[in-house]
Amino acid sequence: MKLYYENMELWDFLTLPFYFLFVYLVLIWAAKSVLLPDSKYLNLHFFGLLLFYLTIGLIDFNFKLIPFFPDTNLFTRILETGETPFNQSIGVRIGYKYLAIPIYQLSLRSIYNYFLFNICFLHLGLIFLAAAFNQFYAQSDVWVQRFFLLLGAVAPSILVYSFTPLRESYFVLALGLFFYGLSKKNLLNIFLILGVLLAGILRVQLLLYFFILFFVQYLHKKKLSTGLLVVLLIFAIPVGYFSLNFLSQAILNIRITPESLSLFRNLQRLEYFESGVTYPEVFWTSWFDVILDFPGLFFQFLLTPFPVIIFIPFWTKLAYFADGLFLLFLLFVAIPIFSDWRKYSVWLLFIGIYIGMSAFFEFHLLGAVRHRLPATLLLMALAAKALAYLLTKYRWIFRY
């Protein structure tokens, strides 16, 4: 039995319906507040979703359906003891401690009630992301948000992280709040600020990503001419590099140079080498070396656990395999969107920037699946748009 199930009692199951109802009402309230009007569907979707997830959780209690990650023991002990080891990151010692522990107490120290809050935060993040995509592209077709919510309901990573006491639910909520704020006319708003604050106390690396996206969206809103954009980029690239280098040193204690990036990856790789699923060593002495390796790192991060620059028997790791298949499905479905890349160029840029930044720092093959989640969710929005387009185009089939 998993560590966090060992203290389960009858009281945990008796309180479950009350938390179920609370989470359902919160999700419905949020969805109806920010999404396109679609009351009947939203009521049915979230009720069915919570029943489906609760069934998965109860099956996992007896049959170990959800994998047990190496970090799970650590986070379970933090929840149960209220203490965080000093050698952990700020995101664990501060963010997780002051977010997760109060939620666990609010759950009456019941892991199933806590998992319902996990589900709540994950799907709140998805609601805000769907609303952000609606606002970015002035969507009026409810099928886009319907498909997005449906994809989110069956996404393997969302299912898995709903039933683990890790930080992913908070990350997804931070991402959703930030993107919803980014889609507003006024870029400085409460949603964006909340997303930045939440990311800052949980995983400071996300702040670098949010900083770049804010700058990209600011330029996009200005609707500048191509010539002026080129001039601005010529000046912005060195300024951006020195700014990111400063932030990287201040936050991560890493200089953005080929040598330091190479050393960081290789040292981390050594620590996890015995796991057998680390990336190969890199030997970067110039930016040309980095450029040569970048395509392989980019696509390995994107397509993990499938082989690009390294092979593992991916079919033996079912959760990671399922997530990889889901990503391939999203890429396949989104092909019509890629053909109209000019219209969705900014959203595609958001995805590319995240994958590019993460690929530089990733050193663990299976860790890439976990850290790829934000890119998967952004890609999900494009796949939802493509599915809505296909439904409209081939709706005549369902008449017969």
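The values are calculated or read from the model by the stated rules, or taken from the named source; none is laboratory data. Predicted model only: the values in this text are computed from it and were never measured. Cβ atoms come from the backbone with ideal geometry, glycine included; neighbour counts cover every protein chain shown.
Annotations
- Residue within the stretch 207-221 that is surrounded by 14 or more Cβ atoms within 10 Å (Cβ to Cβ) and part of a loop (DSSP other than H, G, I, E, B) present: no
- Count of residues meeting criterion [of a type in the set (Ser, Thr, Tyr) and either surrounded by 15 or more Cβ atoms within 10 Å (Cβ to Cβ) or at pLDDT below 90 (or both)] in the stretch 16-40: 2
- Exactly one residue among Phe360, Phe283 is farther than 15 Å from Pro156 by Cα and either of a type in the set (Val, Ile, Thr) or in a helix (DSSP H, G or I) (or both), and that residue is Phe360.
- From Ile310, Ile353, residue being outside any helix (DSSP H, G or I) and touching a residue at least 40 places away in the same chain (Cβ under 8 Å): Ile310
- Those helices (runs of 4 or more DSSP H) of the stretch 113-205 in which at least 2 residues are β-branched (Val, Ile, Thr) and more than 27 Å from Asn73 (Cβ to Cβ), considering only elements entirely within it, cover 142-154, 190-202.
- Only one of the listed residues (Asn43, Asn62, Asn73, Asn87) is outside any helix (DSSP H, G or I) and on the phi < 0 side of the Ramachandran plot. That residue is Asn87.
- Residues of the stretch 345-396 that are among the hydroxyl-bearing types (Ser, Thr, Tyr) and surrounded by fewer than 20 Cβ atoms within 10 Å (Cβ to Cβ): Ser345, Tyr389, Thr392, Tyr394.
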